[in-house]
Amino acid sequence: MSDLPIYEMLAQTFASEGVDTLFNLMGDGNMHWATAMAHIDGMRVYHARHEHCACAMAMGYYSATGKTGVASVTCGPGVTQITTALSTATRARIPLVVFAGESPIDAKWYNQAIDQAPVVASTGAHYVRAHSAKLMHEYVREAFYVARYKRRPTVLGVPYDLQKAPYAGSPKYKPSAAYIPAPGRMPPNPETLAQVVDKILAAQQPIIIAGRGAVQSGAQAAIEELAEASGALLATTLPGRGMFDRNPFSVGVAGGFASDVAREMFAQADLVIAIGASLTYYTVDGGALFPKAFVVQIDERPLGLRDGMLAGDLFVKADAKAGVEALTHALRKRDVGTTGYRSEQIAERIAKTPIDSAEFSIAPDTFDPRSVITELDAVIPKDWEMVSGSGHQSYFQTHMRGRRPENFHVLREFGAIGNSLSIAMGVAAARGNGKVVLIEGDGSLLMHIQELETIKRHGIKLLICVLNDGAYGAEIHKLRQDGIDDSGAIFGRTDFASIAKGFGLRGTNVTGLVQLAPLLRDYESQGLMEIWNIPISDQVTSPRMRRVMARGHGVI
Ligand SMILES: Cc1ncc(C[n+]2csc(CCOP(=O)(O)OP(=O)(O)O)c2C)c(N)n1
Ligand SMILES: [Mg+2]
């Protein structure tokens, strides 16, 4: 038995897990531990203004670094505040560990007491009830093991009186890494591959969709080779976007956000090969994107049933890169020269068809969001980190070109607004070079605007571009379609430049798109976060919104 209080020992175990950055909001339940964390050499602790935001920052930190995100909240209200962040992390399969206090184990009554485990369980996250002074190492290890290996967010609940007791367990901590199998790349089954080769040889119009698993496996070059060998066009999921932007046979993103030409090509497809893509409801646009295609899925973890739909017709369980290389090899052995979907005419159609050619009348002093994105795409260097906001405006930024999927950060799996400012802060904290841009809607940004104070206090540098339609755009378009009063979703265009200045930061209300290039030079030449408040038309509806409205809402 040592004299070290449990909270000190727990901080050391987090450091042993490789944690170097913590996003925190203090209360009784976590303040001793968080202070001990701050005293660890090299540990960076960011103190947020809302617990939800602390968790979302940790998620952004993961998105930028691949390391487990770590946040901390107090017991009771600290935990109830984070249910949206946990639900988002669960759906996005983000390794996140949240150190939460629990109400004192020896108290007869405590005003913040709540049964935390079922609150956390309802979000799909894992809860570790740390009630034994002896088993503290096991608890921390379990939290990191579940977060990392099962890719499931985990909340560690430690009663705060117990945290002050002396630690009674073994002195040496064995980190979770020792318990995480590293089986290497899984090769595909040759018999299943032979069936895929048959399908490719019989296909006239094959399309490949590559997803996050393909990015993580480093499969991009191998996929382009397979596409060439099989005559397939190329597409990506939203998290994989940008992967093939330089390839003339790439149609960009698949799914609800797909361009006109991508939809046209998918409508004719007779074979779709999904690689490292789980084929969510959104990727297949609820089943409407490629109704005629036979679907092959190459994935380490094929799901079969996905979002209430049959995900594929033939499943190859394999690592994306290993599976694709083996498939190209098998195809080359049998190929008699397939051209598939590829021709000069197709490449020309892809190059020349506008993403969306619908016309709208744009009120004076506002901009077409499509022109705004084109200008931002030209002005913002291609290697900067791009964080995607939510709401209706998020469609437009999807069509920025020539950027790597690793530089896009999009965590929208739970469909909640209000996360992206914090996610961008986590990315910016990880990068520390100011080359981080958040493109966000006005409503979503206002939901947690208090974090501008955190930005100022910690000197976090990022650029925020607000596509400001003065409304909850996602709602007004649907209300208008149904002929219902839209005034409850219209608020007027908030003056974000003044808000930024009020927090001691920089802001500009943009009046002409020609301002953006000099504004970027200005932003780069100094050290503060900056907001560009760009008024956009509330008339321009995205093709996705138009289709959703035509179908009568349903799931969007
Ligand atoms: C937490 C949460 N509350 C409410 C909603 C419903 N909702 C979806 S989009 C949206 C409007 C977002 O407005 P803004 O950020 O300005 O983006 P816009 O749609 O105007 O482009 C709302 C209220 C939601 N998705 N999540
Ligand atoms: Mg808006």
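The table below gives the values:
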read-out: Label-reachable residues, the stretch 202-235, where backbone N falls under 14 Å from a point 7 Å from Arg185's Cα toward its Cβ; value: 214-226
read-out: Overall form of the stretch 26-95 per C-alpha gyration tensor (a/c, 1.5; a/b vs b/c); value: oblate
read-out: Whether the stretch 270-311 is rounded, prolate or oblate, judged on the alpha carbon gyration tensor where a/c under 1.5 counts as rounded; value: oblate
read-out: Whole-angstrom gap from the stretch 15-56 to the stretch 153-194, using each part's C-alpha centre; value: 20
read-out: Solvent-accessible heavy-atom area per residue, rounded to whole Å², over the chain at 1.4 Å; value: 40
read-out: All aspartates and glutamates inside 17 Å of Lys333 as judged from Cα atoms, apart from same-chain residues fewer than 8 positions distant; value: Glu191, Asp198, Glu225, Glu228, Glu325
read-out: Ordering of 129-142, 218-231 by burial proxy (mean other Cβ atoms within 10 Å per residue, highest first); value: 218-231, 129-142
read-out: Inter-probe distance in nm under a simple model that places probes 7 Å from Cα toward Cβ, at Gln195 and Ala178; value: 4.3
read-out: For the stretch 483-545 and the stretch 412-472, distance of Cα centres in Å; value: 12
read-out: log10 of Debye I(q)/I(0), alpha-carbon scatterers only, for the stretch 356-484 at 0.19, 0.21 Å⁻¹; value: -1.14, -1.34
read-out: HN-Hα J in Hz across the stretch 308-318 - Karplus 6.51, -1.76, 1.60, θ = phi - 60°, x for Gly and Pro; value: x, 10, 6, 6, x, 9, 8, 10, 10, 7, 6
read-out: Amide H contacts under 5 Å for Tyr127, placed H, 5+ residues apart; value: Val155
read-out: Above-threshold pairs, the threshold being 28 Å between Cα atoms, out of Lys352/Lys435; Lys321/Lys352; Lys67/Lys199; Lys292/Lys317; value: Lys352/Lys435; Lys321/Lys352; Lys67/Lys199
read-out: Per-residue [θ]222 nm for the chain (sum of -39500 (n - 2.57) over DSSP H runs n ≥ 4, rounded to 500); value: -10500 deg cm²/dmol
read-out: Inter-site label distance for Arg334 and Asn111 at 7 Å from Cα along Cβ, in nm; value: 7.2
read-out: Other-chain or far-sequence residues with amide H under 5 Å of Leu438's (modelled H); value: Val387, Leu463, Ile464, Cys465
read-out: Approximate spin-label separation Tyr281-Ala133, in nm, with each point projected 7 Å along Cα-to-Cβ; value: 4.9
read-out: Global geometry of the chain, whether rounded, prolate or oblate, following the gyration tensor of its Cα atoms and the 1.5 cut on a/c; value: oblate
read-out: Of the DSSP H helices in the chain, those whose Cα atoms cover at least 20 Å axially and whose Kyte score averages 0.0 or more; value: 51-65
read-out: Overall Cα dimensions of the stretch 223-262, principal axis frame, Å, largest first; value: 28, 19, 15
read-out: Label point at Arg301 placed 7 Å out along Cα→Cβ; residues across the stretch 118-154 whose backbone nitrogen lies under 18 Å; value: 123-127, 142-154
read-out: Cβ-placed point charges (K, R +1; D, E -1), dipole of the stretch 304-374 about Cα centre in debye, nearest 20; value: 580
read-out: Modelled FRET efficiency - R0 25 Å, Ala550 with Asp365, Cβ distances, 0.05 increments; value: 0.25
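The values are calculated or read from the model by the stated rules, or taken from the named source; none is laboratory data. Since the structure is predicted, the reported quantities are computational estimates derived from the model, not experimental observations. Virtual Cβ from ideal backbone geometry, glycine too; neighbours counted across all protein chains shown. Note: accessible area is taken over every heavy atom of the protein model, side chains too, but ligands, DNA and RNA are not part of it. Shrake-Rupley method; radii C 1.70, N 1.55, O 1.52, S 1.80 Å.
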